[in-house]
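Undergrad: Below: one structure in C-alpha cells.
The values are calculated or read from the model by the stated rules, or taken from the named source; none is laboratory data. Everything numeric in this text was worked out from a predicted model, so none of it was measured. Positions of Cβ are backbone-derived with ideal geometry, glycine not excepted, and every protein chain shown enters the neighbour counts. Each accessible area value is taken on the protein alone, full model and side chains, heavy atoms only, with ligands, DNA and RNA left out. Shrake-Rupley method; radii C 1.70, N 1.55, O 1.52, S 1.80 Å.
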Amino acid sequence: MQQLNFPTYSFRFKNSENKVSIFDAIRKKFVILQPEEWVRQHCVLYLMEEKNYPKSLINVEKELIINDLKKRYDIVVFNPDGSIHLIVECKAPKIPIKQNTFDQVARYNLALNATYLMVTNGLHHYYCQMDFDAERYHFLKDIPEYKLEK
C-alpha cells in the first residue's frame, strides 16, 4: 500500500482467499484492505495516538439518513455527552480533495451537527470548524487535541 502523510503505525494484516485484510480496532474485526480503508485506519490511529481521542468515543462506517437517502460516514468522534465532536471523510489517495468532498461532509453535518470536520485522502488533510450561526466553516491548520470538558 501507498505511503501516506501520517506518522508510521503498525497494523495487523491477514490474507484469506487472495485478499488482504486489515484489523479495525474500532469495529474489532478484519476488513478488506482497500485504498480508502488504508486511509481510514491511519486516520483512526492518528486521532487516538496523536490527538488523544479515546477509542470509546470513535465510531467507524455507520449509516445515516440524509433527505431520505442512506449514506455512510467514515469516522465520527463523539463528545462524552453523545453529541458529535468531529466528522472525518476519507478518500482513497488517488482521489483529489475538491469542493464536492467538502460539500459531501457538510451535507452529512446538516444531520450530525459536528463542531469539526476533517477531509483526507491520506496525502492531504483539511480541517474545518463549524460556525453554525453564520452557516459556514472556517479552515484550521489542525484539529484540536482531545480534552475532557470540565
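Undergrad: Filter the stretch 90-138 down to the residues that are of a type in the set (Ser, Thr, Tyr) and under 28 Å from Leu33 (Cα atoms) and list them by number.
TA: Thr101, Tyr108, Tyr116, Thr120, Tyr126, Tyr127
Undergrad: Tell me the residue from Ile84, Ile97 that is under 17 Å from the mean Cα position of the chain (by Cα) and over 17 Å from Asn121 (Cβ atoms), please.
TA: Result: Ile84 is the single residue among Ile84, Ile97 that is under 17 Å from the mean Cα position of the chain (by Cα) and over 17 Å from Asn121 (Cβ atoms).
Undergrad: Consider the stretch 131-150. How many of its residues are out of contact with any Lys or Arg (no Cβ under 8 Å at 6 or more places or on another chain) and either in contact (Cβ under 8 Å) with a residue 40 or more places away in the chain or surrounded by 10 or more Cβ atoms within 10 Å (Cβ to Cβ) (or both)?
TA: Counting residues in the stretch 131-150 that are out of contact with any Lys or Arg (no Cβ under 8 Å at 6 or more places or on another chain) and either in contact (Cβ under 8 Å) with a residue 40 or more places away in the chain or surrounded by 10 or more Cβ atoms within 10 Å (Cβ to Cβ) (or both) gives 10.
Undergrad: Quickly run through the stretch 95-130 and pick out the residues that are over 17 Å from Leu69 (Cβ atoms), polar (S, T, N, Q) and out of contact with any Lys or Arg (no Cβ under 6 Å at 6 or more places or on another chain).
TA: Scanning the stretch 95-130 gives Gln99, Thr101, Asn113, Thr115, Thr120, Gln129.
Undergrad: Test Tyr127 against the criterion of being hydroxyl-bearing (Ser, Thr, Tyr) and closer than 18 Å to Leu47 by Cα, and give yes or no. Before you say what the answer is, go through the steps one by one.
TA: On the way: hydroxyl-bearing (Ser, Thr, Tyr): yes; closer than 18 Å to Leu47 by Cα: yes.
Spelling it out, Tyr127 is indeed hydroxyl-bearing (Ser, Thr, Tyr) and closer than 18 Å to Leu47 by Cα.
Undergrad: Next up: Could you list, in sequence order, the residues of the stretch 7-32 that are among the basic types (Lys, Arg) and under 23 Å from Leu57 (Cβ atoms)?
TA: Here is the first cut: in the stretch 7-32, the residues among the basic types (Lys, Arg) are 12, 14, 19, 27-29.
Matches in the stretch 7-32: Arg12, Arg27, Lys28, Lys29.
Undergrad: Hey, among Glu37, Glu89, Glu50, Glu17, which residue is under 22 Å from Tyr116 (Cα atoms) and open to solvent by 40 Å² or more (accessible area, probe 1.4 Å)? Before the answer, list the steps.
TA: Values: Glu37 fails: open to solvent by 40 Å² or more (accessible area, probe 1.4 Å); Glu89 fails: open to solvent by 40 Å² or more (accessible area, probe 1.4 Å); Glu17 fails: under 22 Å from Tyr116 (Cα atoms).
Going through Glu37, Glu89, Glu50, Glu17 in turn, the sole match is Glu50.
Undergrad: Right, next: Cβ-Cβ below 6 Å, separation at least six or inter-chain, first residue in the stretch 72-101 and on the phi < 0 side of the Ramachandran plot, second open to solvent by 20 Å² or more (accessible area, probe 1.4 Å) and assigned to a loop (DSSP other than H, G, I, E, B): which pairs?
TA: Correct list of pairs: His85/Asn79; His85/Thr115; Pro93/Gln2; Pro93/Leu123; Ile97/His124.
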